[in-house]
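Q: Structure in structure tokens, see below.
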Amino acid sequence: MSDRRLSLLIIGAHPDDADYHAGGTAALYRLGGHAVKMVSLTNGDAGHQSLHGAPLAERRRKEAAAAGALIGATYDVLDNHDGELLPSLENRRQVIRLIRSFQPDLILTHRPNDYHPDHRYTSQLVQDAAYMVTVPAVVPEVPHLGANPVIAYLPDDFQRPYPFQPAVVVKVDDVFEQIVAMLDCHVSQFYEWLPYNTGRLDEVPRDNRARRDWLAKRVAARLSARANKYRSLLEQTYGPDRGRQVRYAEAFEACEYGAPLDDAARRRLFPFAS
């Protein structure tokens, strides 16, 4: 583990994106004594089949706070409408303030090409804030950073204009239960809205224990597929023997707009991935 306390900032578009894509890495950061802030740039007030507006936003804010509390992380939900996020100057300034206030060593966010406009514009806003966080005359009321943080992208399976290319892969076997526990907090999403939206609502068990087991199987399938897809990188990272034994993995792609994610940065920012 690193002797220096690190700060991880995960910026998602919605109040479950951060822990869905990087909950294991967040949990490992906290186990190492490091600081973690998860952020949703929208309040999620459109993501449900029957509950909308302020009541849904409040419900999702509470779900996110509960998920963050499980690992001792903060989870901030900003008050931008779900489905209406734009890469405006006002929102860019909001992201600059966020980054400067937390002073992260590492930022994780969406890739710029994605099915959801909020995901795309979250990525755009983080990219637009990069470098600008070091410029004193921009958002002068918040002290500027002395250096650009490292920025990396959360994983996806889209192929155009180019497929996800991981620079870092993280074994999350030891924190798998924490990942499931965090996602289990987002009842409105994983047991209601997303199953409804994909035509699978009738698959969700009624019993709380059974539905959590149902969720765990889905999470396991996704993270094991990630591990199998990037098995060669796992073996490079953890050594052939350990790499072959990894069951669940999270992966991240370098963003060129941040500080370089070179070998030294990988060792510093992912001390548990070695």
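Q: Being surrounded by 16 or more Cβ atoms within 10 Å (Cβ to Cβ) and at positive phi narrows it down to one of 169, 187, 139, 133, so name that one. Lay out the reasoning, then the answer.
A: Working: 169 fails: at positive phi; 187 fails: at positive phi; 133 fails: at positive phi.
Criteria check complete, one pass: 139.
Q: Ok, one more. Would you please name the residue that is farthest from residue 21 (Cα to Cα), looking only at residues in region 190-203 that are assigned to a helix (DSSP H, G or I) and open to solvent by 50 Å² or more (accessible area, probe 1.4 Å)?
A: From region 190-203, those assigned to a helix (DSSP H, G or I) are 190-197, 201-203; that's our starting set.
Imposing the further condition that a residue be open to solvent by 50 Å² or more (accessible area, probe 1.4 Å) reduces the set to 193-194, 196-197, 201-203.
Numbers: 193: 18, 194: 15, 196: 21, 197: 19, 201: 22, 202: 25, 203: 23 Å.
Taking the candidates together, the pick is 202.
Q: Can I ask one more? Taking region 49-88 on its own, how many of its residues are touching a residue at least 60 places away in the same chain (Cβ under 8 Å), touching a Ser or Thr at 6+ places or on another chain (Cβ under 9 Å), in a loop (DSSP other than H, G, I, E, B) and more than 23 Å from residue 22 (Cα to Cα)?
A: Of the residues in region 49-88, 1 are touching a residue at least 60 places away in the same chain (Cβ under 8 Å), touching a Ser or Thr at 6+ places or on another chain (Cβ under 9 Å), in a loop (DSSP other than H, G, I, E, B) and more than 23 Å from residue 22 (Cα to Cα).
Q: Considering 256, 235, which residue is open to solvent by 20 Å² or more (accessible area, probe 1.4 Å) and either touching a Leu at 6+ places or on another chain (Cβ under 6 Å) or within 17 Å of residue 274 (Cα to Cα) (or both)? Walk me through how you get there before you give the answer.
A: Details: 256 fails: either touching a Leu at 6+ places or on another chain (Cβ under 6 Å) or within 17 Å of residue 274 (Cα to Cα) (or both).
The unique qualifying residue is 235.
Q: Being of a type outside the set (Gly, Ala, Ser), open to solvent by 50 Å² or more (accessible area, probe 1.4 Å) and over 24 Å from residue 249 (Cα atoms): is that true of residue 128 here? Before you say what the answer is, go through the steps one by one.
A: Working: of a type outside the set (Gly, Ala, Ser): yes; open to solvent by 50 Å² or more (accessible area, probe 1.4 Å): no; over 24 Å from residue 249 (Cα atoms): yes.
Spelling it out, it is not the case that residue 128 is of a type outside the set (Gly, Ala, Ser), open to solvent by 50 Å² or more (accessible area, probe 1.4 Å) and over 24 Å from residue 249 (Cα atoms).
Q: From 156, 114, grab the single residue that is assigned to a loop (DSSP other than H, G, I, E, B) and touching a His at 6+ places or on another chain (Cβ under 9 Å). Even if it seems obvious, please write down each step before you answer.
A: Details: 114 fails: touching a His at 6+ places or on another chain (Cβ under 9 Å).
Unique residue meeting the criteria: 156.
Q: Going through 211, 218, 226, 242 one at a time, which residue ends up being more than 21 Å from residue 21 (Cβ to Cβ), touching a Phe, Trp or Tyr at 6+ places or on another chain (Cβ under 9 Å) and assigned to a helix (DSSP H, G or I)?
A: The unique qualifying residue is 211.
The values are calculated or read from the model by the stated rules, or taken from the named source; none is laboratory data. Just so it is clear, the model here is predicted, and its values are computed rather than measured. Cβ atoms come from the backbone with ideal geometry, glycine included; neighbour counts cover every protein chain shown. Side chains are part of the model used for accessible areas, which takes the heavy atoms of the whole protein and leaves out ligands, DNA and RNA. Shrake-Rupley method; radii C 1.70, N 1.55, O 1.52, S 1.80 Å.
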